[in-house]
Amino acid sequence: MPPPPPPPEFAKLAAQPEMERSVRELWAESRELLGLHSPDAVPRADLPPTPLAFLRDHVSPGRPLLVSAAATRHWPAASLWPTESYLSDALRSTDVSVHLTPDGRADALAAHPRRPGARCFASAHVRRVDFPAAVRLIRDSDPEAGLVAYAQQQDDCLRGEYAAVAGDVDAHVPWASEALGCLPEAVNLWIGNSCSVTSFHKDHYDNIYVVLSGEKHFLLLPPTEHHRLHVREYPVAGYAPVKEGEEVPKLKLEMEEPERVVPWSSVDPYPASPEEMAAEASSCPLYFKGPMPIRCTVRAGEMLYLPSMWFHHVSQSPGPNGLTIAVNYWYDMQFDIKYAYFNFLRSLEIKDSPLENNVDAFEGELEEKDD
């Protein structure tokens with residue numbers, strides 16, 4: 001008499017190594033198909049592509065593209081915005097939104113204020129101030145003093161609260177608009193300095209990101225590497241002033257009531273110490289023991305095309321004016337069969353089992369950043 005079949009739980013456990021192996025093969029094959037053979041392999045173009053070439057070579061396969069400063073040379077913003085005074089003069093009487101955190105990490109994970117050892121998803125405190133005051137707050141940002149300011153409103157703010165200077169850049173990116181078959185849904189202005197960092201996330205937009213002062217440093221992972229971000233659910237919190245009315249407020253973290261949770265990446269790609277690196281590698285092994293993320297620095301005048309659903313972490317360096325200034329164009333993504341494939345991939349459970357150890361390479365990356 002044949003033995004009874006194994007229980008479903010056993011079959012699920014037995015299938016885990018094979019599924020993990022298949023997903024790791026997907027990581028390698030997708031990078032190979034995209035031509036991303038090394039961590040610094042984002043394609044570069046000296047001139048903007050034609051709409052057809054952009055659609056064929058980048059939009060359809062979901063491949064990033066870095067376009068040289070020739071694409072923005074005709075923009076008045078390219079020469080005016082990096083100066084010390086132009087934006088402050090043009091926006092002197094304009095109230096804008098500035099996002100305040102104690103450490104420069106808005107929409108990121110922070111220590112839970114009530115549960116030792118736990119983390120929560122923390123949003124910035126948003127304050128309306130006149131633009132010159134916003135610039136002062138940004139320039140004076142200091143994590144050691146517990147206050148970092150970043151202008152990052154993300155609600156089509158260039159055509160809203162910054163409308164007085166919106167004409168200094170193109171209203172849209174013509175070759176991208178033609179290839180994507182639409183105009184941008186939002187155009188945003190970003191002003192910060194090296195204190196502000198954006199944690200790993202993805203957007204449901206095709207993104208054209210243009211730096212006008214300083215540099216933006218991107219770490220990129222394609223959508224096929226979703227599992228490497230260790231997305232988990234975290235309760236939501238927000239920063240608030242300890243005392244209302246202070247021009248330079250001290251901030252506290254308050255949990256939302258009633259409790260609400262959001263899914264967010266658990267990965268901090270730049271731990272502050274070897275001990276924190278070891279803890280991160282233990283908590284997020286698929287990131288730290290997988291292939292290196294793709295790196296891309298966008299310099300003043302350059303454009304980065306970032307396809308929808310690509311995961312990205314962003315840090316920045318200021319220009320001579322002490323500020324990092326950028327504009328981005330969000331084009332609504334096409335919810336096509338690729339979106340269905342991504343949702344299927346996301347539904348697969350991959351346990352945090354050991355992979356080929358690549359922590360030494362990540363530690364080298366950390367040391368290089370510190371230099």
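Numbers for the structure displayed
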{"item": "Cβ-placed point charges (K, R +1; D, E -1), dipole of the range 60-120 about Cα centre in debye, nearest 20", "result": "420"}
{"item": "Summed side-chain charge close to HIS204 - residues other than HIS204 whose Cβ falls under 13 Å, Lys, Arg +1, Asp, Glu -1", "result": "-3"}
{"item": "Angle in degrees between helix 274-283 and the longest Cα principal axis of the chain, rounded to the nearest 10", "result": "60"}
{"item": "Sites GLU247 and ALA279, calculated FRET efficiency, Cβ-Cβ separation with R0 25 Å, nearest 0.05", "result": "0.10"}
{"item": "Restricting the range 276-325 to chymotrypsin sites (Phe, Trp or Tyr not before Pro) in coil, as DSSP defines it, with at most 15 other Cβ within 10 Å", "result": "none"}
{"item": "[x] 29.6; [y] 25.8; [z] 21.9, with the label sought being that of the calculated mean projected area of the Cα convex hull in nm²", "result": "[z]"}
{"item": "Average accessible surface area per residue within the chain, 1.4 Å rolling probe, Å²", "result": "48"}
{"item": "Local electrostatic count at GLY35 - Lys and Arg +1, Asp and Glu -1, tallied over other residues with Cβ under 13 Å", "result": "-1"}
{"item": "Positive-end residue, the range 207-250 charge dipole about Cα centroid, Cβ charges, pick of VAL236, TYR209, PRO223", "result": "PRO223"}
{"item": "Overall Cα dimensions of the range 66-141, principal axis frame, Å, largest first", "result": "52, 35, 17"}
{"item": "Loop-located GluC sites (Glu not before Pro) in the range 271-353 whose Cβ has at most 15 other Cβ within 10 Å (DSSP)", "result": "GLU349"}
{"item": "Between the range 196-272 and the range 294-351, the Cα center-to-center distance that results, in Å", "result": "13"}
{"item": "Computed helical MRE - 222 nm, the chain, DSSP H runs ≥ 4 contributing -39500 (n - 2.57), nearest 500", "result": "-7500 deg cm²/dmol"}
{"item": "Fraction of accessible area attributable to carbon and sulfur, the chain (%, probe 1.4 Å)", "result": "55"}
{"item": "Cα-projected label distance for ALA145 with ARG73, points at 7 Å along beta-carbon direction, nm", "result": "4.1"}
{"item": "Which of ALA281, ASN193, CYS120, positive extreme of dipole for the chain (C-beta unit charges)", "result": "CYS120"}
{"item": "Cβ-placed point charges (K, R +1; D, E -1), dipole of the chain about Cα centre in debye, nearest 20", "result": "420"}
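The values are calculated or read from the model by the stated rules, or taken from the named source; none is laboratory data. Everything numeric in this text was worked out from a predicted model, so none of it was measured. Neighbour counts are summed over all protein chains in view; Cβ atoms, including those assigned to glycine, are modelled from backbone coordinates with ideal geometry. The protein model used for the area step is the full one, side chains on, heavy atoms only, and it has no ligands, DNA or RNA in it. Shrake-Rupley method; radii C 1.70, N 1.55, O 1.52, S 1.80 Å.
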